Amino acid sequence: MTSEYMVQLKNITKKFGKDTAVNELNLDVKVGEFLTLLGPSGCGKTTTLRMIAGFEKPTEGEVWIDEKQVAKIEPYKREVNTVFQSYSLFPHMNVFENIAFGLKMKKTGKDEVEERVRNALKLVQLEDYVNRKPKQLSGGQQQRIAIARAIVNNPKVLLLDEPLGALDLKLRKQMQLELKHLQQSLGITFIYVTHDQEEALTMSDRIVVMNEGKIEQVGLPHEIYEKPVSKFVADFIGETNIFECVVSEFKGDYAYLDIKGVTVVTPKNDTLQLDESVYMSIRPEKAKVTLTKTQDTLLSGTFKEKIYVGSITKIIIELPNGREMVVNEVEDDLIGIKSGNEVYVSWQPEDSVVFKG
Amino acid sequence: MIKNIRLAYSMLSPSLLWLLLFLVVPIVMVTVISFTTSEGYGGIIYEFSTHAYETAFLSSMYLKVIWNSIVWAFSATVICLLLAYPFAYFIAHAGKWKNLLILLVMIPFWTNLLVRLYAWIILLNGEGVINHFLQNIGLISEPLTLMYTPYAVILGMVYGFLPFMILPIYSSIEQLDKTYLEAAEDLGANPVKTFFTVTIPLTLPGILAGFIITFVPAVSVFVVTDLLTGSKLVMVGNVIRDAFLIEMNWQLGSALSILLMILVLLSVFIFMKFTSSKDKKFLI
C-alpha cells in the first residue's frame, strides 16, 4: 500500500550558527499535491526546500520522501528535482544538452533521451530551440527550459524556488497558469516557494504560511484568505483592516467587540472570553460604504479620500477613534462626496475574523 | 559621442604610449635588425639580408633547441596545471583561510627567481641535501645525478611558474556560481561527474589563461638552464642571449627571437583552438 504522503517533515530544525532558520517544523505533503510555502524573505521557506532537496542537512528532525528517511541519501540520489530561482542552466551546454543532463547521468539510452527531451520541450512549447545556448534565450524561455530540465526526469517531487521571481508581471501570470496545468497533467507533487501571496493563492492546492522559521497556518487558499488564524497571516495575505479590540459583551450568537470606543459585532466562538484582548480583521472588499445609515450599519466615520485602481475604487475612511479603514467598492456610488463628509460602513458579521495573536 | 571617444582615447593614452614605446617599437626594431647585414662584432649594416634566418634554419642545432624549449616548457606547463588545479580548488573552498593561502602563493614573487633557483642547487646537487639524505638512510650508495638533466629544467620551471597557473585558475573557481554545482547534483550527477561535466568546462577560461601565462615565460626562460644544468643544457632563451652578448651577432639573435615569437603565438593559437573548439563563443 502506498502512503498518502510524498514528503514528510518531522520536527525539523535548521540552525546556521546561532540563527535558527527553521524551527521544529512539521509538515506532510500529499501525493500529487501542489503545495506552496509562502512567507516573507528570511522566514525559512527556501531553507525548508533545500533540506528536502538535500542541499542542507537538518540540525534536528527527519525528512521523509516516499516513505523513506533520506538523511543518508545524497542530493544526487534523491528522486526530487529543483527549479532554481536563477534557473542555473549550464551556460556551456545548449538547450538539448541541458535537458538531457539528468537522463545522461542515469545512463538512459540515446533514443530514449532524444524522445524524452523532445516531449519535455513540447510540454513547455519550445520545440524549436534545441540548439540554442541559454544566453540566447529570453528570461521566460530560460524559465521554461529550467522546468523542462527538471520534469524530464520524472521526479517524485518537483521543488520550485521562486521560479517566476525574475519575470515581468504579465509573463508571470501566464506562467502561473501554465505551471498549474502542467502539474495537473503530470500529477507530480509540486512544492513551490514564493513570497508572492497572489501567486500562492492562484496556483496552490494548499498553502503553508511561514514566519520566522515556523508554520503560522496550513490550509486551502480560501481558508488562508477567509479564515486567517493569526494577525500575521491576515496581514500578509491580501489587504485587510485589522483592529485591536476587547470582547465587551456576548449577545445571542454574536460577540460585541470594542475598538477603542467603537463597537462592532462578530460571530461568537467558544474560545472568546469576556474582556479578552483580540484582533478583528475585515477585508476591504467585504465591507460596504453608504451615505445614509442603514440597518446593517456598524460604524460611522468621515470620508477621507478615494483611490481609483482600475477594477475597484479604494475608499479611505477615518473612524472616530482616529484609525483609518479601507473599503473596496466595485461601483463608485459616492459621486460628489467631499472629504470630511460623514459615511457609514457595514459588513456581514460572518465576514469578520477574530484571532488572538 | 565624438567628445566621449576623444575622452576615452585620452584616458587610454598613457597605456597606449607605454605599449607603443616598450612593445611595438622594440618588436619593429628586432624585426628590422633580423633582416640587416652583420658587420661582425655587433655592428649593423642596413642592407637587406636573410642570412640570419638561413643560419637559423640550416643549422639543425637552433631548431633542435627551439623544439626542446617548447617540449620542456609544455611539459612544465602541463605539470603546473595538474598541480595548480587541485590546489586552486582547495584554496577557493578554504573559507577564512583563503586570503592567507593566496598570500603564501604570492610570497615567492617577492624574491627573484635567480635567488630561489640557488636554493634548488643546494637541494639537488651531488653533495646536496637530497642526495645526502638518501645516502644516509641507505637507499642509495652513489649520489644521483639530479641536476644537469631535462627533469631538473622542468622542475625549475614548474617551481618558478606555478603561481602563474594557480592564480587565474583560483579566480575562475572562486567566481564559479555554486548554484551550477547544485543544479548538477540535483540532476543526479555525483561529485566526480559534477566536477568533469560542470566545474572543469566552466573554469576553462581560467585554465586557458593560466596555460598561456605559464607557457609563454617558461619557453623563453634561460636562468633555469643556466643554474640547474650549469649551462650544459640550453633553451632558446640561452641561445638568443648568447647570440646577442657573446657572439655579438644581433641579426641571429633577432631572427631567433622572431622565430620564437611566431612559434609561441602559433602554439598558443593551436592550444586555444584545441581546447575551445566546441565552445568558442562561450570562452571568448
**OP:** Tally the residues that are among the hydrophobic types (A, V, I, L, M, F, W, C), within 13 Å of chain B (Cβ to nearest Cβ) and either free of Cβ contacts under 8 Å to residues at least 40 places away in the same chain or surrounded by fewer than 21 Cβ atoms within 10 Å (Cβ to Cβ) (or both), restricting the search to segment A:121-161.
**Re:** 0
Original post:
For residue B:1, all conditions in the list (1) modelled with pLDDT under 85; (2) under 20 Å from residue B:259 (Cα atoms) hold save one; what is the number of the exception?
Top reply: (2)
Original post:
Hey, among the residues in segment A:194-215 that are within 8 Å of the chain's Cα centre (by Cα) and part of a strand (DSSP E or B), which one's nearest to residue A:231 (Cα to Cα)?
Top reply: A:209
Original post:
Going by the structure shown, is residue A:164 buried (at least 18 other Cβ atoms within 10 Å of the Cβ) and in a strand (DSSP E or B)?
Top reply: no
Original post:
When segment A:102-119 is examined, which residues are found to be away from chain B (no Cβ under 13 Å) and over 18 Å from residue A:146 (Cα atoms)?
Top reply: A:109, A:110, A:111, A:112
**OP:** Scan (1) buried (at least 22 other Cβ atoms within 10 Å of the Cβ); (2) within 14 Å of chain A (Cβ to nearest Cβ); (3) in contact (Cβ under 8 Å) with a residue 60 or more places away in the chain for the single condition residue B:183 breaks and write down its number.
**Re:** (3)
Original post:
Can you name every residue in segment A:224-240 that is in a helix (DSSP H, G or I) and either more than 20 Å from residue A:272 (Cα to Cα) or open to solvent by less than 20 Å² (accessible area, probe 1.4 Å) (or both)?
Top reply: A:224, A:225, A:233, A:234, A:235, A:236
**OP:** Name the single residue, out of those in segment A:43-77 being under 17 Å from residue B:190 (Cβ atoms) and open to solvent by 40 Å² or more (accessible area, probe 1.4 Å), that is farthest from the other protein chains (Cβ to nearest Cβ).
**Re:** A:72
Subject >> Verdict on residue B:41 being assigned to a helix (DSSP H, G or I), at pLDDT below 90, among the aromatic types (Phe, Trp, Tyr) and open to solvent by 80 Å² or more (accessible area, probe 1.4 Å) >> reply: no
Original post:
Does any residue of segment B:55-66 turn out to be open to solvent by 90 Å² or more (accessible area, probe 1.4 Å) and touching a residue at least 12 places away in the same chain (Cβ under 8 Å)?
Top reply: no
Subject >> Residues of segment B:77-110 classified as open to solvent by 70 Å² or more (accessible area, probe 1.4 Å), in a helix (DSSP H, G or I) and not aliphatic (A, V, I, L, M), total >> reply: 9
Original post:
Under the condition of being among the basic types (Lys, Arg) and more than 18 Å from residue A:239 (Cβ to Cβ), which residue from segment A:319-357 is surrounded by the most Cβ atoms within 10 Å (Cβ to Cβ)?
Top reply: A:356
Subject >> Matching residues in segment B:154-180 - criterion: being assigned to a helix (DSSP H, G or I) and within 10 Å of chain A (Cβ to nearest Cβ) >> reply: B:178, B:179, B:180
Original post:
Do we find that residue B:196 is more than 8 Å from chain A (Cβ to nearest Cβ), closer than 30 Å to residue A:80 by Cα and open to solvent by 40 Å² or more (accessible area, probe 1.4 Å) in this structure?
Top reply: yes
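The values are calculated or read from the model by the stated rules, or taken from the named source; none is laboratory data. As the structure is a prediction and not an experimental result, all values here were calculated from the model. Cβ: placed from backbone, ideal geometry, glycine included. Neighbour counts: every protein chain shown. Surface areas here come from the heavy atoms of the whole protein model, side chains and all, with no ligands, DNA or RNA. Shrake-Rupley method; radii C 1.70, N 1.55, O 1.52, S 1.80 Å.
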